[in-house]
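Report on the following structure.
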Amino acid sequence: MPEGRRKRGLNSSLDDLLARQFQSRLAWYDQEAAEHAARIGTAQVRSGLNVELQDIMIAGIVVARDAKLATRNVKHFAGIAERLVNPWD
């Protein structure tokens, strides 16, 4: 959709909906998560791991929120192994 008043209105409506419906269940990628992601990504690169940026960002959010991450893809989250839960194990 091209930039304009309609697109801004739709984005604003979506933001409002998300805030009302899911605010307590969303974990945003904010400054704190970005700082954790940078440290995790640096450590993984130094270890020779090639992990996708999205996974590093998710790991940053998990650490920033002191949360657990349920994933089958434990290899990509080696930097936060103590926070992982593999529901398929």
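The values are calculated or read from the model by the stated rules, or taken from the named source; none is laboratory data. Quantities reported herein were computed from a predicted structural model and do not represent experimental measurements. All Cβ positions, glycine included, derive from the backbone under ideal geometry; neighbour counts span all protein chains shown.
Things worth noting here:
- Within the set GLY79, GLY4, the sole residue that is free of Cβ contacts under 8 Å to residues at least 24 places away in the same chain and out of contact with any Cys (no Cβ under 7 Å at 6 or more places or on another chain) turns out to be GLY4.
- Helices (runs of 4 or more DSSP H) (entirely within the chain) containing at least 2 residues that are buried (at least 16 other Cβ atoms within 10 Å of the Cβ) and at pLDDT 90 or above: 31-46, 53-64
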